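What follows draws every value from the coordinates through simple rules; no lab data is involved. Given the structure is predicted, the values throughout are model-derived calculations rather than measurements. Because the Cβ atoms are built from the backbone with ideal geometry, glycine has one as well, and the counts that use them run over all protein chains shown.
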Amino acid sequence: MNTMKPDISLSEQIPVTEPERQYYYIEKAKEYVKNLEAQIGHQPTFCVVTFGCQMNARDSEKLVGILRKIGYAEEEKEENADFVIYNTCTVRENANMRVYGRLGQLNRVKKKRPHMMIGLCGCMMQEPEVVEKLKKSYRFVDLIFGTHNIYKFAELITTRFESDRMVIDIWKDTDKIVEDLPSERKFHFKSGVNIMFGCNNFCSYCIVPYVRGRERSRDPKAIVREIERLVADGVVEIMLLGQNVNSYGKNLDEPMSFAELLQEIEKIEGLERIRFMTSHPKDLSDELIEVMKNSKKICKHLHLPVQSGSTEILKKMNRRYTKEQYLDLVERIKTAIPDISLTTDIIVGFPGETEEDFEDTMDIVKKVRYDSAFTFIYSKRTGTPAAVMENQVPDDVVHERFDRLLAEVQKISAEVCSVHEGKTVSVLVESVNDHDDTLVTGRMSNNLLVHFPGEADLIGKIVEVHLDECKGFYYLGTRA
Ligand code: SAH
Ligand code: SF4
Ligand code: F3S
């Protein structure tokens, strides 16, 4: 792509500090994108495809922010875009396989449209075997970077424009947090806000600590400043993001608890709703329960992954709580906040899981009565301690247990969700209904959805809705 090189003076000083350096590269990349536009005869387009969790979704907003700033326009279909980026997840093997499958298809498109660029980033790229495989068998990929240097995106794109080869930049870890870079929100009225990065828990099945690095908390002032800006820009609901928000602030120069941070955020005028995820049961404090109970803004929803109901398995998982401790915590939460909605994550088929262990999981589901639960089949992740544990559970046994668990979870969930029938609740209107455009869809504080007659101008507003009828996992309602 050297032929497209714009005339940028060599004597120009490249800033060494961030984010100034990235703003410099944004300007530089703009020139390359303009040249590309002249070459292909239309404004270049991008498509960012996101796999995995909320953390990745937030990262993708940062990618989109940069791409728009440098002159790309958004394109919905990846096969039509001039720049396709997969922001990958590797938490389970199937997340991984999907990326390879889609890359194969993209290669066929690129053969017809050679100026197309393909970028890969996110958690999968932090695994050395993945990058080796890409280098060997996926030479058509243009740009590969990881989770730690995503803030360098503008610089990396510029590097790709200036080179003829695959650009790969992966960092093992970082203690750096770069603030104040552009980002583009998917919704104008709600936003995710990172409060910390990485994870130090090393649950024995989980790859996240290896691909997201050590735990780092953002400075509370930077978090509050970001939320204030978001609110000034129309945001009414925020979701605070971290792999384990309950250990927020422990490694700050001036340590601060998550509950204290929430109280600071609560003071922000104009902010209506606060959500957060994920909470690790071992670190959920009574202080936090108290703050949630007294808050006017924190939503009545807690995602509290249990993973297993068996104390024996929890020990092998390195979760650092027992079945009894978890149930006791749930009891304390429900006593303090009776209308709280609880959701969870459960893994079936962890190595060594016996029928008795699985019965403990069924038991905890029956006792807690979750509003909903994400159930996962254990997936072996190379490099984690569980991958080399003995007694991996045979597939047929795992599937049979998984089906039993799912049936129970769904039965309970339908019962738990229906208790709100007849109530009038506040909902944040999120969208026009996909199937019926006379309806809009709103989210209650407890995270349940309700569809009710309304117009698009309600989107982003909080309104009172009467819950007429529960339809299993959602409601039909009318404005009160
Ligand atoms: N930090 C969060 C979870 C992040 S990963 C927490 O601790 O709750 C999201 C979920 O994926 C986990 O809660 C777990 O249930 C599931 N998960 C993680 N690794 C897995 C694996 N190897 N196999 C199956 N499910 C897994
Ligand atoms: Fe993975 Fe455990 Fe960290 Fe969650 S807390 S990201 S499950 S290691
Ligand atoms: Fe997946 Fe990475 Fe999130 S592995 S679940 S995208 S932190």
Report task. Set the Förster distance to 22 Å, then compute FRET efficiency between Asn294 and Asn447 from the Cβ-Cβ distance, nearest 0.05. Result -> 0.60
Report task. May I ask you to derive the relative contact order of the chain, considering only C-alpha pairs under 8 Å and at least 6 residues apart, and to give it as an integer percent? Result -> 10 percent
Report summary line: Taking placed amide H atoms and a strict 5 Å upper bound, the residues 5 or more places from Thr45 or on another chain that come that close are Ala73, Asp82, Phe83
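Mind jotting down a quarter of the surface of the convex hull over the alpha carbons of segment 58-195, in square nanometres, one decimal? The partial results should precede the final answer.
Numbers: hull surface 36.1 nm².
For segment 58-195, the mean projected area of the Cα convex hull comes to 9.0 nm².
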Report summary line: The FRET efficiency for Glu269 and Asp403, from their Cβ-Cβ distance with R0 = 56 Å and rounded to 0.05, is 0.70
Report summary line: Residues whose built amide H sits under 5 Å from the amide H of Glu430, excluding neighbours closer than 5 in sequence, are Thr441, Gly442, Arg443, Gly460
Report summary line: The helix 54-69 Cα axis meets the longest alpha-carbon principal axis of the chain at an angle in degrees, between 0 and 90 and rounded to 10, of 30 degrees
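Report the charge-dipole magnitude of the chain in Debye, nearest 20, computed about the Cα centre from +1 at each Lys and Arg Cβ and -1 at each Asp and Glu Cβ.
1060 debye
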Requested in this report: Find how many whole Å separate the alpha carbon centroid of segment 361-432 from the alpha carbon centroid of segment 255-273.
Outcome: 30 Å
Report task. Take peptides 204-215, 40-51 and line them up by average Cβ neighbours within 10 Å, highest first, as a rough protection proxy. Result -> 204-215, 40-51
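Using DSSP to call loops (not H, G, I, E or B), can you name the trypsin sites (Lys or Arg not before Pro) in segment 110-199 whose Cβ has at most 16 other Cβ atoms within 10 angstrom?
Passing sites in segment 110-199 are Arg139, Arg165, Lys172, Lys176, Lys186.
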Report summary line: In whole Hz, the Karplus estimates of ³J(HN,Hα) for segment 197-203 (6.51, -1.76, 1.60; θ = phi - 60°; x where Gly or Pro) are 10, x, 7, 10, 7, 6, 4
Query raised in the report: So which lysines can Lys411 reach, going by Cα to Cα under 18 Å and dropping same-chain residues fewer than 8 places off?
Result: Lys366, Lys367, Lys471
Query - the chain: angle of helix 93-112 to the longest principal axis, Cα-based, in degrees nearest 10 - result: 30 degrees
**Report entry** HN-Hα J in Hz across segment 411-419 - Karplus 6.51, -1.76, 1.60, θ = phi - 60°, x for Gly and Pro
**Finding:** 4, 5, 4, 4, 5, 5, 5, 6, 5
Query raised in the report: Measuring from a point 7 Å past the Cα of Asn94 along Cα-to-C-beta, which residues in segment 355-376 have an amide N at less than 14 Å?
Result: 374-376
Query raised in the report: Would you list Val330, Val131 from fewest to most Cβ contacts within 10 Å?
Result: Val131, Val330
Report task. Return the loop-located GluC sites (Glu not before Pro) in segment 378-480 (DSSP other than H, G, I, E, B) with at most 13 other Cβ atoms within 10 Å of their own Cβ; answer none if there are none. Result -> Glu390, Glu421, Glu455
Query raised in the report: Between Asp169 and Lys186, what length in nm is gained on full extension when 0.36 nm per residue of separation is reduced by their alpha carbon distance?
Result: 3.4 nm
Report summary line: Yeah, segment 153-285 with a ≥ b ≥ c from its alpha-carbon gyration tensor (a/c under 1.5 is rounded, else prolate when a/b outruns b/c, oblate otherwise) is oblate
Query - Solitary cysteines of the chain, where the nearest other Cys Cβ is not under 4.7 Å - result: Cys47, Cys53, Cys89, Cys121, Cys123, Cys199, Cys299, Cys417, Cys470
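For a test of the definition: using alpha carbon positions, the gyration tensor, and the 1.5 limit on a/c, classify segment 200-344 as rounded, prolate or oblate. Don't skip to the answer; put the middle values down first.
Working: a/c = 2.15, a/b = 1.38, b/c = 1.55.
Cα axes put segment 200-344 in the oblate bin.
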Report task. Please work out the C-alpha center-to-center distance from segment 210-239 to segment 44-61 and express it in whole Å. Result -> 17 Å
**Report entry** Highest to lowest packing among 61-74, 369-382, scored as the average C-beta count within 10 Å
**Finding:** 61-74, 369-382
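Please state, to two decimals, what the Cα-based radius of gyration of segment 375-454 comes to when divided by 2.2 N^0.38 Å (N = residues). List each step's numbers first, then the result.
Values: Rg = 19.8 Å, N = 80, 2.2 N^0.38 = 11.6 Å.
Cα-based Rg divided by the globular estimate yields 1.71.
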Query raised in the report: Per residue, how much space in cubic angstrom lies within the convex hull of the C-alpha atoms of the chain?
Result: 160 Å³
Report task. Would you mind checking which residues have amide H under 5 Å from Gly192's amide H? H placed 1.01 Å from N; only 5 or more apart, or other chain. Result -> Met239
